[in-house]
Amino acid sequence: MHDPKASTAHIINGKAFALKLREKIAAKVPDFVKASGRKPGLAVILVGDDPASKVYVGSKGKATIAAGMNSFEHLLPANVAQEDLIALVKKLNDDDAVDGILVQLPLPDGLNEQEVIAALDPDKDVDGLHVINAGRLVSGQKAMVPCTPLGCQILLKDYLGDLSGLNAVVLGRSILVGKPMAQLLLNENCTVTMAHSRTKNLPDVVRAADIVVAAVGRPEMVKADWLKAGAIVIDVGINRLAPTDSKPKGRLVGDVDTHNAMAHVKAITPVPGGVGPMTIACLLRNTLLAAHRRNAIDDPEI
Ligand code: GUN
């Protein structure tokens, strides 16, 4: 049993887990190349020059190549016309060398994200954002599952094994994280509560949780005394604090006050080095799965 007085939390090392997962994925690529005569390919579209998005897209490209896949980067100016962006998506839909398409979000003001996502071929939608994939996930069919919640689910299952019957609270209700996360936890037989900015008595709601997934994008919002002793905490937030003399770039923190929560919870993901690296590993997984499914080859075991 967890004794909150005697221990400090186990740190769930997402970075190490993601590296192992990426190795497993890379090891399956040669079988696909043998069966199909080509490498799996991931196309990433970046619109505008948001510095954080550029870093993410750069990391995704490097990881894709390191896994033995093809990476196709499409950089468009922030003032690109909606119809030109959609034309590019459709061209990639029709390109046989492309198995996965990711449009880096958020798009600059003036572009309609929903329309762009709707233009994606659902079978190439490695972000799992198309309504067809959201519907497949809810109805229990084979879906492309959004990478960040998938990474959280994998870490939780690795740490806990069976999640059946546990109380899970998901903070945040975005299409990219909160909503699919709740669905994945429900599929694992958790009792799921979705909390958000209008939730009443939020600390009390969180205190009932065996599993907390925080995805609100507010630095250190979840306080230690909101957490049940022995809870498992998955921190999806990546927030950069204001620069200080000792940290001129600003410190990166999650949505949870990890420093104070450590003495209280059973396990927690760090920021950085927790969920973030799992997102990229799951993107590679989804690309490999999309490549297999498009070629009517059975899913590889990963
Ligand atoms: N922006 C932040 N995270 C993500 C992600 O997982 N996918 C996409 N497309 N954009 C993002």
Report summary line: Measuring from the longest principal axis of the C-alpha atoms of the chain, the long axis of helix 82-93 (C-alpha) lies at a number of degrees, nearest 10, equal to 80
Query - Accessible area (Å², per residue) of the chain, counting only protein heavy atoms and a probe of 1.4 Å - result: 48
Report task. Quote the charge dipole size of the chain about the Cα centre in Debye, to the nearest 20; the model charges only the Cβ of Lys and Arg (+1) and of Asp and Glu (-1). Result -> 640
Report task. Averaging sequence separations of C-alpha pairs under 8 Å and six or more residues apart, then dividing by the length of the chain, give the relative contact order as a whole percent. Result -> 23
Report task. Please work out how much length the chain gains when fully extended from Thr8 to His196, using 0.36 nm per residue of separation minus the C-alpha to C-alpha distance, in nm with one decimal. Result -> 64.9 nm
Report task. At 7 Å along the Cα-to-beta-carbon direction for both Asp95 and Lys62, put a label point, then send me their distance in nm to one decimal. Result -> 2.3
Query raised in the report: Suppose R0 equals 25 Å; then what is the FRET efficiency for Lys157 and Ala208 from their Cβ-Cβ distance, rounded to the nearest 0.05?
Result: 0.70
Requested in this report: Please give, to one decimal in nm, the separation of the simple spin-label points placed at Val55 and Lys34, each 7 Å out from Cα toward the Cβ.
Outcome: 4.0
Report task. May I ask which of Lys200/Lys249; Lys179/Lys228; Lys62/Lys228; Lys28/Lys142; Lys62/Lys223; Lys24/Lys266 have a Cα-Cα span longer than 31 Å here? Result -> Lys200/Lys249; Lys62/Lys228; Lys62/Lys223
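Could you work out the helix-only [θ] at 222 nm for the chain, with each DSSP H run of four or more residues adding -39,500 (n - 2.57) and the total divided by the number of residues, to the nearest 500 deg cm²/dmol?
Using -39500 (n - 2.57) per qualifying helix, the result is -12500 deg cm²/dmol.
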Query raised in the report: Ranked highest first by average number of other Cβ atoms within 10 Å, how do 100-106, 34-40 line up?
Result: 100-106, 34-40
Query raised in the report: How long is the gain from Asn189 to Asn295 if the chain were fully straight, where each residue apart is worth 0.36 nm and the alpha carbon distance is subtracted?
Result: 34.9 nm
Query raised in the report: Which Rg and Dmax, in Å, describe the Cα atoms of the chain?
Result: 19.5, 60
Requested in this report: Compare the Cα positions of Ala267, Ala214, Asn70 along the charge dipole of the chain (+1 at Cβ of Lys, Arg; -1 at Cβ of Asp, Glu; about the Cα centre) and return the one farthest towards the positive end.
Outcome: Ala267
Query raised in the report: So in the chain, what percent of DSSP beta bridges are antiparallel if you round to the nearest 5?
Result: 5
Query raised in the report: So what is the relative contact order of the stretch 1-108, in percent, for Cα pairs below 8 Å that sit 6 or more residues apart?
Result: 33
Report summary line: Measuring from the longest principal axis of the C-alpha atoms of the chain, the long axis of helix 14-36 (C-alpha) lies at a number of degrees, nearest 10, equal to 20
Report summary line: Once the dipole of the chain is set up from charges on Cβ (+1 Lys and Arg, -1 Asp and Glu), the residue from the list Thr148, Pro40, Trp226 lying farthest towards its positive end is Trp226
Requested in this report: Rounded to the nearest 10 degrees, what's the angle between the helix 178-187 long axis and the longest principal axis of the chain, both from Cα atoms, 0 to 90?
Outcome: 80
Query raised in the report: What is the antiparallel percent of DSSP beta bridges lying wholly in the stretch 125-260, to the nearest 5?
Result: 10
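Using the Cα centre of the stretch 58-114 as the reference point, and only Cβ charges (+1 on K/R, -1 on D/E), how large is the resulting charge dipole? Debye, rounded to the nearest 20. Don't jump to the answer; show the numbers that get you there.
Numbers: 4 positive and 9 negative charges, 50 e Å.
With only Lys, Arg, Asp and Glu charged at Cβ, the dipole is about 240 debye.
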Requested in this report: No other cysteine beta carbon under 4.7 Å away is the test; run it over the chain and list who passes.
Outcome: Cys152, Cys190
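The values are calculated or read from the model by the stated rules, or taken from the named source; none is laboratory data. Since the structure is predicted, the reported quantities are computational estimates derived from the model, not experimental observations. Neighbour counts are summed over all protein chains in view; Cβ atoms, including those assigned to glycine, are modelled from backbone coordinates with ideal geometry. Areas reflect the complete protein model, heavy atoms only, side chains present, ligands, DNA and RNA absent. Shrake-Rupley method; radii C 1.70, N 1.55, O 1.52, S 1.80 Å.
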